[in-house]
1. Testing B:GLY77 on (1) open to solvent by less than 20 Å² (accessible area, probe 1.4 Å); (2) in contact with a Ser or Thr (Cβ under 7 Å, 6 or more places away or on another chain); (3) within 16 Å of DNA strand C (Cβ to nearest atom), one condition comes back false. Which one is that?
2. Looking only at segment A:32-59, how many residues end up being modelled with pLDDT of 95 or more and either within 10 Å of DNA strand D (Cβ to nearest atom) or of a type in the set (Gly, Ala, Ser) (or both)?
3. Please go through (1) open to solvent by less than 10 Å² (accessible area, probe 1.4 Å); (2) more than 8 Å from chain B (Cβ to nearest Cβ); (3) out of contact with any Lys or Arg (no Cβ under 8 Å at 6 or more places or on another chain) for A:ALA165 and return the number of the only condition it doesn't satisfy.
4. Residue pairs, Cβ under 8 Å, 6 or more apart or interchain, first in segment A:11-31 and without any contact (Cβ under 8 Å) to a residue 60 or more places away in the chain, second surrounded by fewer than 16 Cβ atoms within 10 Å (Cβ to Cβ) and not in a helix (DSSP H, G or I). List them.
5. Of all residues being small (Gly, Ala, Ser), within 13 Å of A:SER69 (Cβ to Cβ) and more than 8 Å from chain B (Cβ to nearest Cβ) in segment A:1-32, which is farthest from DNA strand C (Cβ to nearest atom)? Just the residue, please.
6. Tally the residues that are in contact (Cβ under 8 Å) with a residue 40 or more places away in the chain and among the β-branched types (Val, Ile, Thr), restricting the search to segment B:112-146.
7. Among B:ALA156, B:ALA175, B:ALA193, which is in a helix (DSSP H, G or I), closer than 20 Å to B:ALA95 by Cβ and more than 7 Å from chain A (Cβ to nearest Cβ)?
8. For segment B:198-212, name all the residues that are more than 13 Å from A:ALA189 (Cα to Cα) and at the interface with another protein chain (Cβ under 7 Å from one of its Cβ atoms).
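The values are calculated or read from the model by the stated rules, or taken from the named source; none is laboratory data. These numbers were taken from a predicted model, which means no experiment stands behind them. Don't worry about glycine lacking a Cβ; one is built from the backbone with ideal geometry, like all the others, and counts go over all protein chains shown. Keep in mind that these areas ignore ligands, DNA and RNA; they rest on the heavy atoms of the full protein, side chains included. Shrake-Rupley method; radii C 1.70, N 1.55, O 1.52, S 1.80 Å.
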2 protein chains.
Amino acid sequence: MKHIAESTVRRLSLYLRFLEEYEATGHATISSGELAESGGTTSAQVRKDLSFFGSFGKRGMGYTVRDLSIAIREILGLQRPWSVIIIGAGKIGAALAQYRGFTTRGFRVVGVYDRDPARIGTKLEGVTVRAESDLERDIAKLKPDIAVLCVPGDAAQALADRVTAAGIHAVLNFAPTPLKVPKGVALRAVNMATELEILAFGLTNDGALPVR
Amino acid sequence: MKHIAESTVRRLSLYLRFLEEYEATGHATISSGELAESGGTTSAQVRKDLSFFGSFGKRGMGYTVRDLSIAIREILGLQRPWSVIIIGAGKIGAALAQYRGFTTRGFRVVGVYDRDPARIGTKLEGVTVRAESDLERDIAKLKPDIAVLCVPGDAAQALADRVTAAGIHAVLNFAPTPLKVPKGVALRAVNMATELEILAFGLTNDGALPVR
DNA sequence: CTTAGCTTGTGAATGATTTCACAAGCACTC
DNA sequence: GAGTGCTTGTGAAATCATTCACAAGCTAAG
């Protein structure tokens, strides 16, 4: 398959969110221009993004909201559920476990892990927190798709190593440390301190960041 | 000032984090290659990133860890503290309020707001949760620099409008909705559902996302 | 059946970012 | 103080992403 820019995939995710809202308001079709407006981009960008995957609209008419939703869900791989384990049951792990955005899009939390004995055995959104030492056995058994790391920075790499060695192929890292993972493992990082620092840069160097 | 790519600023933030760790281990100098290794990029990229802002190294020697730390902190605008208000005292807001990465980098939480009377008056990391209706008055008085939105998607735009109208110039959005803000306001969004969806895409379309 | 009015899909052009490649500069040695 | 070994800083080249611009296709109207 040809390479697809990450920015394209990110926009597809936003289009999908808007399409779902838009469908709920009763609209049956939508033009690339309307879709662009919603996501803060241009109609050409929308059409280009979609063109990498096929041709989903009707000239003169636009896109059928429902069909395009389904098509994007298929492109993103959301037609099937994904099982997620959360590692680290601190505040951030707990916040993610209850995050509605996860469950409504077909991401199911099948396990929460922590190393702190005080947390092990407690329940988080209906899922019992287990010992980090169970990780390997549980991954072998449950074969979860995605591991979300919500542990302190100094513990993150070791856990990433463990879960990838145990067979996990996708990692979402909330620890403030850049991770290395084996080739073939999908990795994303959310670094909240970095986001704030980009804002600080923008405030300090007014107009230095390109407008989007 | 010339435009600086967001990707450059993001990498500077990572370099800084590594430099701080590296300094703690007692190293006095570092080469662009070592710095690149740490951030998963190339030495040429490191040098190019820095070159937009000046010339900080010594040929043949590399960079003085401490001097480069200071230089990057200056570039990012971290030589002064930034005050932050958190809007929404739910799980995510609470997790952020206690997030160490914020405070250690000079971001101080000066206010937490919620609309739920049950939460108003409670304490979060030493900060009393106040009523959302106090926002305008408090912003006028305290002049916080950054607002972090941790509210449900359907409330986010209205609150963004309110805080920007009240004088906030930077917004970090954790709500799963794309926001519109007035020109001149710095905006960043962290969308956890989108991050998971990018991972799902990567898992589904193996090798379609460019390796980084 | 033909025309008018939209809107898609897509090569080509532009713009942005990354990588390359190398001259210039510094420290250390002999 | 000339030579060697590194490493920076930076134009130029290459790659990647976005925008432009327009032919092609669809619907509805007459």
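1. Among (1) open to solvent by less than 20 Å² (accessible area, probe 1.4 Å); (2) in contact with a Ser or Thr (Cβ under 7 Å, 6 or more places away or on another chain); (3) within 16 Å of DNA strand C (Cβ to nearest atom), the lone unmet condition for B:GLY77 is (3).
2. Residues flagged as modelled with pLDDT of 95 or more and either within 10 Å of DNA strand D (Cβ to nearest atom) or of a type in the set (Gly, Ala, Ser) (or both) within segment A:32-59 amount to 19.
3. (1)
4. Close Cβ pairs (under 8 Å, with a partner that is surrounded by fewer than 16 Cβ atoms within 10 Å (Cβ to Cβ) and not in a helix (DSSP H, G or I)) amount to A:THR29/A:MET61.
5. So, considering only residues that are small (Gly, Ala, Ser), within 13 Å of A:SER69 (Cβ to Cβ) and more than 8 Å from chain B (Cβ to nearest Cβ), the one farthest from DNA strand C (Cβ to nearest atom) is A:ALA24.
6. 3
7. Going through B:ALA156, B:ALA175, B:ALA193 in turn, just one is in a helix (DSSP H, G or I), closer than 20 Å to B:ALA95 by Cβ and more than 7 Å from chain A (Cβ to nearest Cβ): B:ALA156.
8. Within segment B:198-212, B:ALA200, B:PHE201, B:GLY202, B:LEU203, B:THR204, B:ASN205, B:GLY207, B:ALA208, B:LEU209, B:PRO210 qualify.
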